[in-house]
Structure formats: structure tokens, C-alpha cells
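Written below as C-alpha cells is the structure these notes are about.
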Amino acid sequence: SQTTNPVVRAIAPPAAQQVPPGSASTSPNDRRSMEAIRMAPEESITLDGRLDEDVWMRAVPATNFLQRDPDNGQPATEQTEVRFVYDADKLYMGVTLFDSEPDKLIYYQMGRDGFLPSDDKLQWAIDTFNDGQSAYWWEMNPMGSMADALRGANNTNNRQWDGIWDARSTRSDIGWILEIE
């Protein structure tokens with residue numbers, strides 16, 4: 001009898017080999033922006049830390065990020081790709097954090113809203129008023145530990161705020177992936 005192997009999809013879209021047209025990174029000296037891709041009505045995302053749905057393949061990734069630590073403003077030493085997609089109710093962010101030594105990822109914190117000072121992490125903020133002073137702020141580590149806060153003037157943080165969001169992480173031989181809703 002003949003057996004067939006099921007189709008196995010990659011856990012993330014393939015790495016961009018060059019800065020894709022439409023990527024937020026094409027204007028490094030200007031305020032960066034990017035487009036989110038609207039999901040078709042029949043599409044859905046299974047929040048599992050894998051960017052294997054077709055809509056992730058269509059989303060243009062932001063790439064070519066700069067470091068914050070240890071060399072602020074220098075090109076990142078590892079590639080990161082960020083994609084946004086949305087439907088009528090939710091915004092999704094898919095992040096691939098490539099790492100040439102994925103077995104050396106650091107992730108000590110496992111609790112919700114814990115501080116991640118020594119962990120490898122992704123931090124991001126959305127400045128809904130576009131005022132450069134206030135924002136919704138989040139962070140995650142490779143283990144999937146989640147933290148959030150409201151940022152105010154003079155870099156004050158209200159870590160008591162708990163936003164309504166969910167996310168999953170996956171670690172693999174390419175690094176780690178975050179799928180955020």
C-alpha cells in the first residue's frame with residue numbers, strides 16, 4: 001500500500017533576503033510606518049505561536065531594525081520581522097526573531113506581568129495619540145511570558161493596567177516566534 005506524508009508547513013514565512021517593498025524599514029531616517037493586511041472573511045488565525053496561516057505569507061514584514069541595547073541606533077545583530085494582520089474584531093502581530101544561537105536564548109521569567117530585565121525579549125508600544133508621550137506598552141520573552149503597561153509622560157509606567165490580549169510563543173532552530181492577538 002502507498003502512504004502519503006501530510007503537508008508540513010513551516011512555522012513562519014521564509015526570511016526576507018532583502019528589504020521588501022512596502023516594509024517599514026525602507027525609510028530609516030523618517031518615522032517608520034507599515035500596512036496591516038486585512039484578512040478575508042473566510043480566513044482565521046489559530047493562536048499557536050506559528051505563523052503558518054496564508055495571511056501571514058501575504059503580510060509584508062517590517063525588517064532592518066535598529067538596536068536599543070547594547071549599541072543604541074546600530075543595526076540589529078540578528079534579523080527580526082514583524083507582520084500585522086487584522087479582521088473585523090482583532091489586530092494580530094506576528095514576529096519572527098531569528099537567532100543564530102537559539103540554544104542560548106535567555107528566559108528566566110515565566111509569570112504574567114513579571115519584569116524581564118535579564119531575559120531576551122521583544123518590547124513594543126502603540127502610541128494611539130501620536131504624541132510621543134503616552135502609549136500602550138507590551139513585552140514578551142521566548143517562553144511566552146507576557147507583560148503590559150500604560151506609558152505616560154516622563155516615561156512613567158502604570159503596570160497595574162492589564163490589557164485584553166493573548167499571545168503564544170514558539171522556539172525553534174531559527175530562533176523564536178510570537179503570535180499576538
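Starting from the Cα gyration tensor of the stretch 42-181, take the square roots of the eigenvalues, sort them a ≥ b ≥ c, and report rounded, prolate or oblate (rounded when a/c is under 1.5, otherwise prolate if a/b is larger than b/c, else oblate). Show your work: numbers first, answer last.
Numbers: a/c = 1.37, a/b = 1.09, b/c = 1.26.
Rounded, since a/c falls under 1.5.
Expected output is a single nm value to one decimal: the length gained when fully extending between ASP87 and PHE129, i.e. 0.36 nm times separation in residues minus the C-alpha distance. What is it? Spell out each step's value before the answer.
Numbers: separation 42, 0.36 × 42 = 15.12 nm, distance 2.20 nm.
Extending this stretch completely gives an extra 12.9 nm.
Model label sites at THR156 and ALA36, defined 7 Å from Cα along the beta-carbon direction, differ in position by 2.8 nm.
The residues of the stretch 118-181 expose, per residue, 51 Å² of accessible area to a 1.4 Å probe. With the charge dipole of the stretch 127-174 set up from +1 on Lys and Arg Cβ and -1 on Asp and Glu Cβ about the Cα centre, the Cα lying farthest toward the positive end among the listed residues SER145, ILE164, GLY132 is that of SER145.
The values are calculated or read from the model by the stated rules, or taken from the named source; none is laboratory data. In this text the structure is predicted, and so the values were computed from the model without any measurement. Cβ coordinates were reconstructed from backbone atoms using ideal geometry, including for glycine residues, and neighbour counts include every protein chain displayed. Please note that ligands, DNA and RNA were not included when accessible areas were found on the heavy atoms of the full protein model with its side chains. Shrake-Rupley method; radii C 1.70, N 1.55, O 1.52, S 1.80 Å.
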